[in-house]
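Nothing in this text is a laboratory measurement; each read-out follows from the coordinates by a stated rule. These numbers were taken from a predicted model, which means no experiment stands behind them. All Cβ positions, even for glycine, are placed from backbone atoms using ideal geometry, and neighbour counts span all protein chains on display.
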Amino acid sequence: MRAGLFCGHPMQRIELESYLNQYLEVDRFRDYCPNGLQVEGRPEVRSIVSGVTASLELLEAACDQGADAVLVHHGYFWRGEDPRLTGIRRARLGLLLAQNINLFAYHLPLDAHAAVGNNVQLARVLGLRVGGRFCEQDIGCYGELENPMSVAALAARVHERLDRVPQVIGRLDRMVRRVAWCTGAAQSYLENAVTLGVDAYITGEISEQTVHLAREADVAFIAAGHHATERYGISALGDHLAARYGLTHRFIDIDNPV
């Protein structure tokens with residue numbers, strides 16, 4: 001018997017993959033990587049470790065927990081990536097294959113999902129009401145704060161609830177009611193958010209040109225961290241699987257300051 005999480009009800013890998021692909025509506029997305037099962041492991045799954053990124057540290061933690069599958073938002077095989085299995089890539093894939101662990105990865109389908117998605121889960125954490133979707137493939141969300149507050153107060157809430165000091169561009173005393181947001185590296189959606197008439201835009205990262213756009217549009221821009229804004233969707237997805245199928249699930253947060 002393997003150590004750690006080896007318990008729970010067994011489920012066939014093929015059944016789990018089929019459910020995840022259907023639940024997350026994988027076929028409707030044009031993405032930069034393959035969504036679904038990326039590395040095949042043992043055919044029966046009882047325990048899952050989830051995390052934001054399939055780093056070697058996360059994979060080693062999954063091994064320590066005796067996981068049958070690893071479930072992540074950022075997996076492998078990105079478009080334009082060097083396909084050779086050398087160095088870091090070999091170490092990661094070699095560990096999964098040696099331990100016979102499945103790797104499931106869901107990128108844009110997880111961002112956009114209406115129940116466990118990164119954007120709706122970030123809204124839950126920050127107290128944002130989802131009013132609708134925007135941008136290509138309906139990736140981003142817009143809505144309102146439960147109670148209007150200043151940019152400074154909103155930044156303080158982000159700091160408190162995400163445990164990250166955000167980078168803020170804009171007038172700190174400006175009142176915020178309407179907000180748009182998209183987790184991760186979605187700074188390029190700022191212009192789309194501006195057309196919605198929002199007071200603030202929240203995402204994970206910021207680029208040099210974004211500062212000028214935010215200032216000129218008079219929209220507060222809050223960069224709250226790529227990793228920090230995307231911790232909640234994959235954890236919620238793992239919990240959903242545990243509740244539905246009786247699998248054992250543990251979210252492991254490999255800290256990343258970016």
Helix 231-245 axis, angle to the chain major axis (alpha carbon atoms, nearest 10°): 50
Between 0 and 90°, nearest 10: helix 87-99 axis offset from the chain longest Cα axis: 50
Mean separation of Cα contacts under 8 Å, 6 or more apart, over the residue count of the stretch 112-229: relative contact order %: 24
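Where the convex hull is taken over the Cα atoms of the chain, what is its projected area averaged over directions, in nm²?
On the way: hull surface 54.5 nm².
Computing the convex hull of the Cα atoms and averaging its projections yields 13.6 nm².
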Per-bin percent of Cα-Cα distances, the stretch 112-229 [5 Å]: 2, 13, 26, 29, 21, 7, 1
Nearest 10 degrees, 0 to 90: helix 151-162 Cα axis against the chain principal axis: 10
Percent of beta bridges antiparallel (DSSP, the stretch 112-229, rounded to nearest 5): 70
Distribution of pairwise C-alpha distances over the stretch 77-119, 5 Å bins, in %: 6, 18, 17, 18, 15, 15, 10, 1
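Can you compute the charge dipole magnitude of the chain about its Cα centre, using +1 on each Lys and Arg Cβ and -1 on each Asp and Glu Cβ, nothing else charged? Give it in debye, rounded to the nearest 20. Working shown, then result.
On the way: 25 positive and 31 negative charges, 52 e Å.
The calculation lands at about 260 debye.
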Charge-dipole axis of the stretch 112-229 as Lys and Arg at +1 and Asp and Glu at -1 on Cβ define it, positive-most pick from A217, M149, Q167: M149
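First measure r as the distance between the Cβ atoms of R171 and R28, then evaluate 1/(1 + (r/R0)^6) with R0 = 30 Å and state the FRET efficiency to the nearest 0.05. Write down the numbers at each step before the final one.
Working: r = 39 Å, r/R0 = 1.29.
Computed FRET efficiency for R171 and R28: 0.20.
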Mean Cβ count within 10 Å, highest first, over the residues of peptides 77-88, 36-47: 36-47, 77-88
Pairwise centroid distance, computed over Cα atoms, of the stretch 69-104 with the stretch 207-230, Å: 31
